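Below is one structure, written out as structure tokens; the observations come after it.
The values are calculated or read from the model by the stated rules, or taken from the named source; none is laboratory data. This one's a predicted model, so the numbers in the text were calculated from it and none came from an experiment. Using ideal geometry, Cβ is built from the backbone for each residue, glycine included, and neighbour counts are taken over all protein chains shown. Heavy atoms of the whole protein, side chains included, go into the accessibility calculation; ligands, DNA and RNA do not. Shrake-Rupley method; radii C 1.70, N 1.55, O 1.52, S 1.80 Å.
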Amino acid sequence: MTLNQNLSTVESGLKSELRKKGIVIATLEDFYNWGRRSSIWPLQFGLACCAIEMIATACARYDLARFGAELFRASPRQADLMIISGTVTKKMAPQVVRLYNQMPEPKYVITMGACSIAGGPFIDGTNVLKGIDRYIPVDVHLPGCPPRPEALLWGITELQRKIDGQEIEKNEWYQRGLKREFPIPEFGPKGLIPKFNPDVWRPETASRRRERYGDPILLGKKTAAPKFETFGDPNVKVGTV
Amino acid sequence: MNPAEIKTKLESEFPGIPIQIVGEGLLLGPEDLVRVARFLKESGEFKMNYLSSITAVDYLEHLESVYHLYSVDQRTGPVVLRVRVPRDNPRIPSLVHLFRSAEFQEREAYDMMGIRYEGHPDLRRIFMWEGFEGYPLRKDYLPENEDVLEWDDVEWLERHGVTVPAEYKQYAQDLKAAGKEARAERPKPGAEAV
Ligand code: SF4
């Protein structure tokens, strides 16, 4: 027996016309995506202040359960969604990439807050990774410092829209040779090696920040501490300096 | 108790000890730190039994380590001790054997500023990893430029099966041939005004 591909589609205009008359037409794909998007299991981990907003979103007042994403799992093996809520320090980055690699397909990532998108307020720091999208692909970027719980709800509904639009036949995780494990960066003498993974992310060629401030990296002006201090007796010499 | 009174007390206890009052703090030489701290801790008058913080400051001409001592019993404090050391050879005796709370704080000051606390039982980096070079909070430290790949990164990526675009590879090779490192640059003149 040969299986033929089912190419019949129902036009969306006709669908809504029929719905008015009480007839609901759905494809298998609709059911499949409806099931997937209505039970997103996020991975339970928070990295910094944004995590507090994520916790608030999951609690009674904002109630993430209305969107079916309330079951935070403590193991990456059981999670669909990784909410990177907070500052990814360079020391933490290898662990985040490792957790991503351990998640089963299909997997999604939301970066929550300015920190995980691009370093946020710590962009001049030596210790903070300038965006987790340097190492893993991200589905929804959620700006804010921190984003309010409503914004996280928006991010999750946005992700649900993305899931709704996916087609079974074209889903990456049913394709052969899918590579969704990314090499885990290592600690080097100056920072992480590599600085980014060109498969996933490339630096901007034209940067607004560079145009505006002249240098994209070192904005802070490091100068000598002001000399407010007066010495009592100039004749007493203390130590060697 | 104000710094001037403490200074007089210390001078009568250790005759000839050089002490300066700087702001609210007492500036000491590194060789006097341990005996002064021990005296402040153990004398019945001060009973400074709690070392609440050790910080390090980079003044460009020298480095400084600042100690805040409190007395929990008498509810007095802080007594601020400051020790100056040269930038190229910063060595200060450790206070771990007097105050256990000094252990992690001295490790932090060592990690960030590179001050060596002599006599510390376990002086390792605490925030950065072993193998990190340089002391990130010193004012002359330049962080790496994270938007360009260096040759180490290119080699690493190729070892892990990632194809590196030709222009990045070329740039990394040029950097290596010139013997340069990709470091952040100082802001261009006028950039601060924006
Ligand atoms: S974006 Fe703001 S609130 Fe969120 S982790 Fe960073 S600093 Fe904290």
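A few points about this structure:
- For the pair B and A, the buried accessible area comes to roughly 4900 Å² in total, with a 1.4 Å probe and the value rounded to the nearest 100.
- A convex hull fitted to the Cα coordinates of the protein assembly as shown yields 227 cubic angstrom per residue.
- Rounded to whole Hz, the Karplus (6.51, -1.76, 1.60) HN-Hα couplings of the range A:96-101, x for glycine and proline: 5, 5, 5, 5, 4, 4
- Peptide A:90-96 has a mean shielding of 1, counted as Cβ atoms of other protein chains within 10 Å of each residue's Cβ.
- Applying the Karplus relation 6.51 cos²θ - 1.76 cosθ + 1.60 with θ = phi - 60° to the range A:75-84 yields 3J(HN,Hα) values of 10, x, 5, 10, 10, 9, 10, 10, 9, 8 Hz, where x marks Gly and Pro.
- Average beta carbon contacts from partner chains per residue of B:49-59, 10 Å cutoff: 1
- DSSP finds beta bridges in the protein assembly as shown, and of those with both partners inside it, around 60 percent are antiparallel.
- Taking 7 Å steps out from each Cα toward its Cβ at A:VAL24 and A:ALA74 produces label points 3.7 nm apart.
- Estimated inter-spin distance, A:CYS145 and B:GLU31, nm [label 7 Å along Cα→Cβ]: 4.9 nm
- When each of B:LYS139/B:LYS176; A:LYS130/B:LYS169; B:LYS7/B:LYS41; B:LYS41/B:LYS139; A:LYS195/B:LYS180 is checked by Cα-Cα distance, pairs over 24 Å: B:LYS139/B:LYS176; B:LYS41/B:LYS139
- Nearest-ten-degree value, helix B:3-13 long axis tilted from longest Cα axis of chain B: 70 degrees
- The local environment of A:SER12, defined by Cβ-Cβ distances under 14 Å, has a net charge of -2 under the rule Lys, Arg +1 and Asp, Glu -1.
- For B:GLY29, distant residues with modelled amide H under 5 Å away: A:GLY239
- A:GLU204-A:TRP173 FRET efficiency (beta carbon distance; Förster radius 35 Å; 0.05 resolution): 0.75
- The mean number of Cβ atoms from other chains found within 10 Å of a Cβ in peptide B:145-155 is 6, as a whole number.
- A cut-off under 13 angstrom between Cβ atoms defines the neighbours of A:GLN175, and their net charge, with Lys, Arg +1 and Asp, Glu -1, is 0.
- Taking Cβ atoms as reference points and 13 Å as the exclusive limit, the residues near B:TYR110 contribute a net charge of -1, counting Lys and Arg as +1 and Asp and Glu as -1.
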